[in-house]
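I'd like to ask you about the structure that follows.
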Amino acid sequence: MRDLRHVLTRLQAFQSKFERLLASARKRAVRSGVAPGRSPTRLRELTGFGANPGNLRVFAYVPEHLSPNPPLVVALHGCTQTAEDYDHGTGWSSLADIHGFVVIYPQQQAANNPQNCFSWFLPGDITRGHGEALSIREMVEYAIETFAADPRKIFVTGLSAGGAMASVMLATYPEVFAGGAIIAGLPYGCASNVQEAFEAMFTDQGHTAHALGNRVRAASQHRGAWPKISVWHGTSDPIVNPSNSEDIIRQWTNVHGLLEIPSHEEAIGTHARRVWNDTYNNALIEAFSISGMAHGVPLAMNAGERCGAAGAFFLDVGLSSTHHIASFWGLDESPVEMPRAVASIQIPSDGRASVISGAAVKASYNSASLAQGEERRKRFPLDPNAVIAAAFKSAGLPVPEIPSASPGATQPVAPDPIIAAALKCAGLIHS
């Protein structure tokens, strides 16, 4: 009985500390004037995505123009937040407009957790094929079918409890995700009840890399390539101990079979970045330590990297995690090419969206004839000379003086101006 009272007392103390820290962060944001008014929502709710054993909701952002077979980003909010809060703060939908990918935002319900935290610590919700993990997997499958997303380009990110839930998804469904980004989160399998969750959040657990890696390997029967991982944490985080970021790193370096010593380290202002490469020099894991940052998503409110909005748990530190994560995943390599038809989102007067089924969308794409495709190529012919000229310009080299093509005409490669520009660059000719 005495032990039980001790456990309950400690649990109550942890809970009080947690609630106090959350409230304090929100009050500081209000006092500092970084809680701006909210613009109308850019998100629309999706329904009917599956059995939904975790009792979650999901919202989507689909830009007006999608790249062909667009990538899909799953963005998981933190405690006390909603899908709309997370989009507004991180700016993922703004990047989706630029690069033509789809974003879905799973949302917790108060019936599951009074603080709106994802249940990243409950066995029934973090096991493959069960609970909230399965609900999110169903959302991903529904979005792939509905928006014709590329199943090879699915990514997941999240903050705090959402970051810990991103760890869950990467561990339980590694074959689904090409990459993940965990912000102020925790490693997979570090807790199995509320008390252990608070212990993991507030204290240094001292797990070995092998034990951490075993938890991921045991979460599925996956034996293929593992997702690439981006880890972000503030050095002054009072809510989730920064030691958790080191545990996440050691968990995934072990899974990838990498040394714990990074391949590369660099300073970005006062912040630090470490990178772990494979034998082909491809970055598989990166970790940012954000100097002096408390609990939240790193943002940059300067004009160059501005994305999202500063506020409680969205902190202007001069470095945009949203921009960098998108680049790390290669999303900035997939700009919008041409407008295309997407799933129709119809919004009735009650504000809830209904989305046509994935099968219907697939049928609409499959019904496009080869003749229609040929017509599009005729209307938008590819000029190889323009591509080559753009490559020279991007590299800072003299641009070949290639004659302009007639509108709609097929332009052959003009070798003479290209060779002349290359010789000029090499200093072999001067005019």
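Could you say whether any residue in segment 101-116 is surrounded by fewer than 24 Cβ atoms within 10 Å (Cβ to Cβ), in contact with a strand residue (DSSP E or B) (Cβ under 7 Å, 6 or more places away or on another chain) and in contact (Cβ under 8 Å) with a residue 40 or more places away in the chain?
So the first thing to find is which residues in segment 101-116 are surrounded by fewer than 24 Cβ atoms within 10 Å (Cβ to Cβ), and the list is 107, 109-116.
From what's left, in contact with a strand residue (DSSP E or B) (Cβ under 7 Å, 6 or more places away or on another chain): 107, 109.
In the following step, the residues that additionally are in contact (Cβ under 8 Å) with a residue 40 or more places away in the chain were identified as 107, 109.
Within segment 101-116 (the criterion being surrounded by fewer than 24 Cβ atoms within 10 Å (Cβ to Cβ), in contact with a strand residue (DSSP E or B) (Cβ under 7 Å, 6 or more places away or on another chain) and in contact (Cβ under 8 Å) with a residue 40 or more places away in the chain), the answer is yes, since at least one residue qualifies.
Taking the condition crowded, with 19+ Cβ neighbours inside 10 Å, β-branched (V, I, T) and in contact (Cβ under 8 Å) with a residue 60 or more places away in the chain, does I239 pass?
Considered against the rule, which asks whether it is crowded, with 19+ Cβ neighbours inside 10 Å, β-branched (V, I, T) and in contact (Cβ under 8 Å) with a residue 60 or more places away in the chain, I239 comes out as yes.
Follow-up. Just need a number here: residues in segment 270-279 that are of a type in the set (S, T, Y) and buried (at least 17 other Cβ atoms within 10 Å of the Cβ).
0
For segment 117-140, indicate whether the set of residues that are open to solvent by 10 Å² or more (accessible area, probe 1.4 Å), more than 30 Å from N193 (Cβ to Cβ) and among the acidic types (D, E) is non-empty.
Within segment 117-140, none of the residues are open to solvent by 10 Å² or more (accessible area, probe 1.4 Å), more than 30 Å from N193 (Cβ to Cβ) and among the acidic types (D, E).
When you scan segment 1-113 for helices (runs of 4 or more DSSP H) that lie fully inside it, which ones turn up with 3 or more residues that are closer than 14 Å to F313 by Cβ and modelled with pLDDT of 95 or more? Spell out the reasoning first.
Details: elements: 2-31, 83-90, 92-99.
Filter on segment 1-113 gives 83-90.
Starting from residues that are under 19 Å from S291 (Cα atoms) and among the acidic types (D, E), keep the ones in segment 242-269 and report whichever is least open to solvent (accessible area, probe 1.4 Å).
D247
Looking at (1) more than 15 Å from R57 (Cβ to Cβ); (2) open to solvent by less than 10 Å² (accessible area, probe 1.4 Å), find the lone condition where A143 falls short.
Exception for A143: condition (1).
Could you check how many residues of segment 262-296 are of a type in the set (S, T, N, Q) and touching a strand residue (DSSP E or B) at 6+ places or on another chain (Cβ under 6 Å)?
Result for segment 262-296: 4.
Quickly run through segment 194-223 and pick out the residues that are in a loop (DSSP other than H, G, I, E, B), at pLDDT 95 or above and open to solvent by 40 Å² or more (accessible area, probe 1.4 Å). Can you show your working first?
Residues of segment 194-223 in a loop (DSSP other than H, G, I, E, B): 203-208, 218-223.
Those still in the list that are at pLDDT 95 or above too: 208, 218-222.
Passing the criteria: T208, A218, Q221.
Could you list, in sequence order, all residues of segment 297-336 that are over 13 Å from the mean Cα position of the chain (by Cα) and among the β-branched types (V, I, T)? Give the steps one after another, and end with the answer.
Within segment 297-336, the subset over 13 Å from the mean Cα position of the chain (by Cα) is 298-319, 333-336.
Correct list: V317, V336.
How many of the residues in segment 280-317 are closer than 29 Å to N254 by Cβ and either acidic (D, E) or open to solvent by 50 Å² or more (accessible area, probe 1.4 Å) (or both)?
5
Quickly run through segment 222-239 and pick out the residues that are touching a Phe, Trp or Tyr at 6+ places or on another chain (Cβ under 8 Å) and either of a type in the set (D, E, K, R) or under 15 Å from A181 (Cβ atoms) (or both).
W226, P227, K228, I229, S230, V231, W232, H233
The values are calculated or read from the model by the stated rules, or taken from the named source; none is laboratory data. All values reported here derive from a predicted model rather than from experimental measurement. Every residue, glycine among them, receives a Cβ derived from its backbone with ideal geometry; neighbour counts consider all protein chains shown. Surface areas here come from the heavy atoms of the whole protein model, side chains and all, with no ligands, DNA or RNA. Shrake-Rupley method; radii C 1.70, N 1.55, O 1.52, S 1.80 Å.
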